[in-house]
Amino acid sequence: MKEKYLQILGIFLTVVYGFFVAWLYWAEPKNLEDFSTKAKETIENTTTQGQIIIGTYEVDAAKFADGLKAFRTDNFVAARSFFENADPERRDARTQFYIAYSFYRQGFGKLYNDDELFKKGLEQINRVLTLDRNFKSDDTNLQMKTPAELKNEFEEGLRTTVEDFNPFRLTRERK
Amino acid sequence: MKTEEEQTIKKVEEIDFLPVIDGELVETSPVEIDAVDEELTIVSAKNKVIEDRRPKTEDQTKIQNSKSKILDQKIYLLLPFIFLTVTLLGGLRLSSPAGDVIFWRPALFCLISAAILMVLFFRAGLISVEGWFSEDFTALKNIANGAVLTTLFAASAQIFNALLPEQGLPFWVFAFCFFWTLWNNLFADFDVKKLLRSLGALFGLAFVVKYLILANLAAPASESWLQGIWQNTTKEAFTWLLDLPRFSAGTGYIQFFTVVFYLLGLFLFPNSSEKK
């Protein structure tokens, strides 16, 4: 073999073996089973990152549809799981808006709201605002169409005021 | 009379002005060659290297080419493989008693020590900068050589990771001893043989202390705390005091071969990527 080809082969093998060693120390698999799981995860992540870089990243439509179905049947935990899998990189404002909305609907209470869920919802809606400030949902089933409205609802829900003790609050409806 | 004296002085002056030719006896190996092909070489200075410009026979050329190929294969395939294997195994530990694989990442100290070791390699002449990087080489050769040296650096960092205790007081004691030795070596006059002997002794001692003495001071992980205090009071005390990790015995065997591979790699490492 010519010296030139030997050098190319040497560089190629060194880079491949070097990346493998670096990956092992990064992923830290504990056994062979763990090794295959982490390898699969890494390949999926790399593929998604590649799609983002070349601009072909898309939300998984099937998973999104499953999430929407679960959302409409008030199965919010499952809905969030589907939405998160549909948009693993959290780059789609529409999917992230539904996740935030699921926190609102799950945390809403006529007597009192679930503060933990509302806090998570507030974080989530801020992410939607970062992604797309002018986002507006076209879903007719949602009463709040913009992130600003939902954000206001979360902030009001987390604030303790005299209005919270008004007995007429029991008649309010979930949006 | 006067004319005779003048003639004698003139002759002496002429002798003084004779050109002095400085040279030395050059012995050549008894090779039978045609006198026609031989080139005349004039030795003008004492230390001049005389090139053998005689045409090489076909066999000689073949031997030279095969030697060059072997050297290239050693540099670009064997050495990176050895050093990357050391990099892989250097941080490998087996947990006790489950036997799970743990990849222990190198501490910052390991990188610093590896950098000092690289400087030491250059100073001692194990690696010659001109022999590995040169404007006369192609870009590809320079990159390939850089990759080989990078693997050497990675392996050096991992060898410290392998030999340093993982945490606690022993880590700092070992780290101090390594740093002290390397720092002293940095200012000492070394040749390659002495450097390799010194490193062999340093790594050998560290291996014995870590994997024979300290590993045997650590209490077995399978025992409960109370059982440990009842049955192995001293070991339990040392484990607690020195913050010793409890690894499986297989870790010592893996690290033994890591050290052997590293020293083998250094032994095979050529001073220059060019054939002399």
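When the residues of region B:52-94 are filtered to those that are among the small types (Gly, Ala, Ser) and at the interface with chain A (Cβ under 8 Å from one of its Cβ atoms), the one that is least open to solvent (accessible area, probe 1.4 Å) is B:GLY91. Being buried (at least 17 other Cβ atoms within 10 Å of the Cβ), within 28 Å of B:SER248 (Cβ to Cβ) and within 14 Å of chain A (Cβ to nearest Cβ) is a property that does not hold for B:ALA175. Candidates in region A:1-26 are the residues that are under 24 Å from B:GLY99 (Cα atoms) and out of contact with any Phe, Trp or Tyr (no Cβ under 8 Å at 6 or more places or on another chain); of these, the one that is surrounded by the most Cβ atoms within 10 Å (Cβ to Cβ) is A:VAL21.
Taking region A:105-131 as the range and being touching a residue at least 60 places away in the same chain (Cβ under 8 Å) and under 19 Å from A:ALA78 (Cα atoms) as the test, the residues that pass are A:ARG105, A:PHE108.
Look at B:PRO106 and say whether it is touching a residue at least 12 places away in the same chain (Cβ under 8 Å) and in a loop (DSSP other than H, G, I, E, B). When the stated conditions are applied, B:PRO106 passes them.
A:LYS63 meets all of the listed conditions (1) touching a strand residue (DSSP E or B) at 6+ places or on another chain (Cβ under 9 Å); (2) basic (Lys, Arg); (3) away from every other protein chain (no Cβ under 14 Å) but one, namely (1). The residues of region B:172-211 that are in a helix (DSSP H, G or I), touching a residue at least 60 places away in the same chain (Cβ under 8 Å) and of a type outside the set (A, V, I, L, M), listed by number, are B:PHE178, B:PHE179, B:TRP183, B:ASN185, B:LYS194, B:GLY200, B:PHE203. May I ask you to list the residues in region B:120-146 that are part of a helix (DSSP H, G or I), open to solvent by less than 50 Å² (accessible area, probe 1.4 Å) and within 27 Å of B:SER198 (Cβ to Cβ)? If the condition is that a residue be part of a helix (DSSP H, G or I), open to solvent by less than 50 Å² (accessible area, probe 1.4 Å) and within 27 Å of B:SER198 (Cβ to Cβ), then B:LEU120, B:PHE121, B:ALA124, B:GLY131, B:TRP132, B:ASN145, B:GLY146 are the ones that fit.
Does B:ALA155 meet the test of being within 30 Å of A:VAL15 (Cβ to Cβ) and under 13 Å from the mean Cα position of the chain (by Cα)? Yes: the conditions hold for B:ALA155. Being open to solvent by less than 40 Å² (accessible area, probe 1.4 Å) and either under 15 Å from the mean Cα position of the chain (by Cα) or more than 30 Å from A:ILE53 (Cα to Cα) (or both) holds for only one residue in A:TYR104, A:TYR112, and it is A:TYR104.
Residues are listed down the side, and each one gets a yes or a no for (1) touching a Leu at 6+ places or on another chain (Cβ under 8 Å); (2) at pLDDT below 90; (3) among the β-branched types (Val, Ile, Thr); (4) on the phi < 0 side of the Ramachandran plot:
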position: B:GLU38; (1), (2), (3), (4): no, yes, no, yes
position: B:LEU88; (1), (2), (3), (4): yes, no, no, yes
position: B:LEU92; (1), (2), (3), (4): no, no, no, yes
position: B:PRO97; (1), (2), (3), (4): no, yes, no, yes
position: B:ASP100; (1), (2), (3), (4): yes, yes, no, yes
position: B:LEU108; (1), (2), (3), (4): no, no, no, yes
position: B:LEU117; (1), (2), (3), (4): yes, no, no, yes
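For region B:179-214, a residue qualifies if it is surrounded by 16 or more Cβ atoms within 10 Å (Cβ to Cβ) and under 17 Å from the mean Cα position of the chain (by Cα), and the qualifying residues are B:THR181, B:LEU182, B:ASN185, B:PHE190, B:VAL192, B:LEU195, B:LEU196, B:SER198, B:LEU199, B:LEU202, B:PHE203.
Residues in region A:64-85 that are surrounded by fewer than 22 Cβ atoms within 10 Å (Cβ to Cβ) and under 22 Å from A:THR130 (Cβ atoms): A:PHE64, A:ARG80, A:GLU84, A:ASN85. Among the residues making up region A:132-173, those that are assigned to a helix (DSSP H, G or I), open to solvent by 70 Å² or more (accessible area, probe 1.4 Å) and either of a type in the set (A, V, I, L, M, F, W, C) or under 25 Å from A:THR73 (Cα atoms) (or both) are A:GLU149, A:ASN152, A:VAL162, A:PHE165, A:PHE168, A:LEU170, A:THR171. Evaluation of B:ALA124 against the conditions (1) at positive phi; (2) more than 10 Å from chain A (Cβ to nearest Cβ) shows that the sole unmet condition is (1).
In the set (1) at pLDDT 90 or above; (2) within 20 Å of A:GLN7 (Cα to Cα); (3) away from every other protein chain (no Cβ under 14 Å), B:PHE153 fails one condition alone, (3). Taken together, the residues in region B:147-172 that are open to solvent by 70 Å² or more (accessible area, probe 1.4 Å) and under 23 Å from A:VAL16 (Cα atoms) amount to 1.
I'd like the full set of residues that are open to solvent by less than 70 Å² (accessible area, probe 1.4 Å) and either modelled with pLDDT of 95 or more or within 8 Å of chain B (Cβ to nearest Cβ) (or both), limited to region A:27-43. Across region A:27-43, the qualifying residue is only A:PRO29. For region B:222-234, the criterion of being open to solvent by less than 40 Å² (accessible area, probe 1.4 Å), part of a helix (DSSP H, G or I) and of a type in the set (Phe, Trp, Tyr) is satisfied by no residue at all. Looking only at residues in region A:125-173 that are of a type in the set (Lys, Arg) and under 25 Å from A:ASP92 (Cα atoms), the one that is nearest to the chain's Cα centre (by Cα) is A:ARG127.
The values are calculated or read from the model by the stated rules, or taken from the named source; none is laboratory data. All values reported here derive from a predicted model rather than from experimental measurement. All Cβ positions, even for glycine, are placed from backbone atoms using ideal geometry, and neighbour counts span all protein chains on display. What goes into the accessible areas is simple: the full protein's heavy atoms, side chains included, and nothing from ligands, DNA or RNA. Shrake-Rupley method; radii C 1.70, N 1.55, O 1.52, S 1.80 Å.
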